[in-house]
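Heads up: the structure comes next, in structure tokens.
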Amino acid sequence: MIAIIDYDAGNLKSVEKAFLLLGHEILVTRDSSEIVEAEKIVLPGVGSFGEAMNNLDHLGLVDTIKTAVHKGIPFLGICLGLHLLFEKSEEAPGIEGLSLLEGEILRIPLQEGLKIPHMGWNSLDVKQGSKLFDGIETAPYVYFVHSYYLKAADENIVSASTQYSTHIHASVEKNNLFACQFHPEKSSTVGLKMLSNFADL
């Protein structure tokens with residue numbers, strides 16, 4: 001059973017549809033007991049860092065997520081879900097993230113000829129040995145929608161990066177924690193393969 005955390009941050013349906021297409025049993029929930037008993041957990045999301053953290057706190061899910069991660073349950077953050085795993089974001093000064101990984105979320109710098117938010121397909125520079133990218137071709141193209149990006153404190157956890165105005169840490173892996181800035185559920189066969197890899201961990 002894969003639990004998708006519902007915390008009023010959108011994008012749940014497309015993630016749910018992608019896993020269902022792959023033949024997996026899905027539970028969309030905000031029930032703490034169901035989340036910590038799941039085989040895998042996904043934290044999707046679009047929207048603002050501050051509002052999302054407030055929602056997680058209001059629903060009593062901050063400690064639930066930390067408990068599940070510390071139990072060793074494979075956990076995947078997508079887009080805003082990646083941001084929330086880190087310590088802080090320029091989007092919401094003074095609001096602490098889940099701090100399960102070290103690093104910060106920064107606004108993509110303005111650059112002539114580039115639009116922000118960054119919306120569209122970009123190729124990735126993938127680190128060898130990444131579990132999420134197992135069986136995926138070199139320099140795959142994936143779909144991004146974001147105005148803020150991750151700068152991880154530890155480069156060793158970065159499994160893929162891309163370039164858009166600046167060097168963007170696009171995906172991370174550490175123990176049972178996985179996260180990606182892009183949307184695998186909107187990234188065609190490459191994204192489905194990534195979600196399948198996660199489900200098979």
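Note on the range 41-73: residues that are closer than 20 Å to K17 by Cβ and either β-branched (V, I, T) or open to solvent by 10 Å² or more (accessible area, probe 1.4 Å) (or both) total 4.
Evaluate the following for K17: is it of a type in the set (K, R) and within 20 Å of L177 (Cα to Cα)? No, not satisfied. Of all residues in the range 20-50, those being in contact (Cβ under 8 Å) with a residue 40 or more places away in the chain, under 29 Å from S89 (Cα atoms) and assigned to a helix (DSSP H, G or I) number 2. Within the range 106-117, identify whether any single residue is in contact (Cβ under 8 Å) with a residue 24 or more places away in the chain and among the small types (G, A, S), and answer yes or no. Looking through the range 106-117, none of the residues is in contact (Cβ under 8 Å) with a residue 24 or more places away in the chain and among the small types (G, A, S).
Scanning the range 164-196 for residues that are in a strand (DSSP E or B) and touching a Lys or Arg at 6+ places or on another chain (Cβ under 8 Å) returns H169, E173, F178.
Selection of the range 144-201 for residues being surrounded by fewer than 19 Cβ atoms within 10 Å (Cβ to Cβ), in contact (Cβ under 8 Å) with a residue 60 or more places away in the chain, touching an Asp or Glu at 6+ places or on another chain (Cβ under 9 Å) and charged (D, E, K, R) yields only K174.
The values are calculated or read from the model by the stated rules, or taken from the named source; none is laboratory data. What you see is a predicted model, and the numbers here were worked out from it, not measured in a lab. Heads up, the Cβs are rebuilt from the backbone with ideal geometry, glycines too, and the neighbour counts pull from every protein chain shown. The accessibility values were calculated without ligands, DNA or RNA, using every heavy atom of the protein model including side chains. Shrake-Rupley method; radii C 1.70, N 1.55, O 1.52, S 1.80 Å.
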